[in-house]
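Asker: Dumping the structure here so I can ask a few things about it.
The values are calculated or read from the model by the stated rules, or taken from the named source; none is laboratory data. This is a predicted model, so every value here is computed, not measured. Every residue, glycine as well, gets a Cβ built from its backbone with ideal geometry; the counts of neighbours run over all protein chains shown.
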Amino acid sequence: MTPPLRPANRLFVAADLPADARARLARSAAEVAAAGGGRPVAPESLHVTLDFIGRVDPPQWPALAEGVTEALAGPALRVGLGPLRARPRSSRARLVARELLDPEGALTEWIQRVREAVDGALERSPDGSRPWPHVTLVRLRRAARVDLPPAADEEHMFDISRAALYDSHQSPGGPSRYRELIAVERQPAP
């Protein structure tokens, strides 16, 4: 049974991170924020966005819940921590993220599968953007130049074995809070 949908919902699908990867990323976020400013993402909020959905009308909720649940199922994925990246560019960054290494392309394929399920359930046209597997670490209030150090633990490998559909509650002046609506545990890789 899926929980009811808030009228002012703001939905996204994300892969959850294991504790060791989350701790590494939280340390990296604190270092980047201390060196260049910005607000580090709270450790409990670190995740890999698979698809940002936005607001969904309540009548669309059952089809979305079913499609996302199916798309999230499958084996655990092995990924690695890649380099730090400022977006949209280093000279006018709005965020700093850690790219994820996806050596077999499984994470990229998973993102595409989730997007297709969401597009089908909501009857929306694909946006055509390419997946960018990453974890946002720091958000800047206004665009600024950011000089990034090399990531010390680049290529640290870990498994992603859980994903969920979340509702993001915006907090005035503070970080968003995420309410889990649907969660799927992925099976260990053979």
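Asker: Scan region 23-41 and report the pairs whose first residue is modelled with pLDDT of 90 or more and whose second residue is part of a helix (DSSP H, G or I) and surrounded by 15 or more Cβ atoms within 10 Å (Cβ to Cβ), with Cβ atoms within less than 7 Å and a gap of 6+ or a chain change.
Answerer: Filtered contacts from region 23-41: A26/P43; R39/A33; P40/A29; P40/A33; V41/A29.
Asker: Restrict the check to region 134-152 and report whether at least one residue is within 17 Å of the chain's Cα centre (by Cα) and within 21 Å of R186 (Cβ to Cβ).
Answerer: Yes, the conditions are met somewhere in region 134-152.
Asker: If R115 satisfies all but one of (1) assigned to a helix (DSSP H, G or I); (2) surrounded by fewer than 20 Cβ atoms within 10 Å (Cβ to Cβ); (3) modelled with pLDDT of 90 or more; (4) not hydrophobic (A, V, I, L, M, F, W, C), what's the number of the condition it fails?
Answerer: Failing condition for R115: (2).
Asker: On to the next question. Of these, E44, E31, which one is part of a helix (DSSP H, G or I), of a type outside the set (F, W, Y) and under 14 Å from the mean Cα position of the chain (by Cα)?
Answerer: Working: E31 fails: under 14 Å from the mean Cα position of the chain (by Cα).
On inspection, the qualifying residue turns out to be E44.
Asker: Residues that are buried (at least 18 other Cβ atoms within 10 Å of the Cβ), under 21 Å from T136 (Cα atoms) and touching a His at 6+ places or on another chain (Cβ under 6 Å): does region 53-62 have at least one?
Answerer: no
Asker: Failed condition for T49, given (1) more than 18 Å from the chain's Cα centre (by Cα); (2) assigned to a strand (DSSP E or B); (3) not hydrophobic (A, V, I, L, M, F, W, C), with all others met?
Answerer: (1)
Asker: Return yes or no: is L11 buried (at least 20 other Cβ atoms within 10 Å of the Cβ), touching an Asp or Glu at 6+ places or on another chain (Cβ under 9 Å) and closer than 21 Å to G173 by Cα?
Answerer: yes
Asker: For region 118-144, which positions are of a type outside the set (F, W, Y) and part of a loop (DSSP other than H, G, I, E, B)?
Answerer: Listed by number, the residues that qualify are E123, R124, S125, P126, D127, G128, S129, R130, P131, P133.
Asker: Would you mention how many residues in region 77-112 are in a strand (DSSP E or B) and within 30 Å of V56 (Cβ to Cβ)?
Answerer: Count: 11.
Asker: May I pose another question? Only one residue in L81, L77 is farther than 18 Å from A164 by Cβ, within 15 Å of the chain's Cα centre (by Cα) and crowded, with 17+ Cβ neighbours inside 10 Å. Which one? Can you show your working first?
Answerer: Working: L77 fails: farther than 18 Å from A164 by Cβ.
On inspection, the qualifying residue turns out to be L81.
Asker: Name the residue that is farthest from F12 (Cα to Cα), counting only residues in region 156-167 that are in contact with a strand residue (DSSP E or B) (Cβ under 6 Å, 6 or more places away or on another chain) and buried (at least 19 other Cβ atoms within 10 Å of the Cβ).
Answerer: Top of the filtered list is I160.
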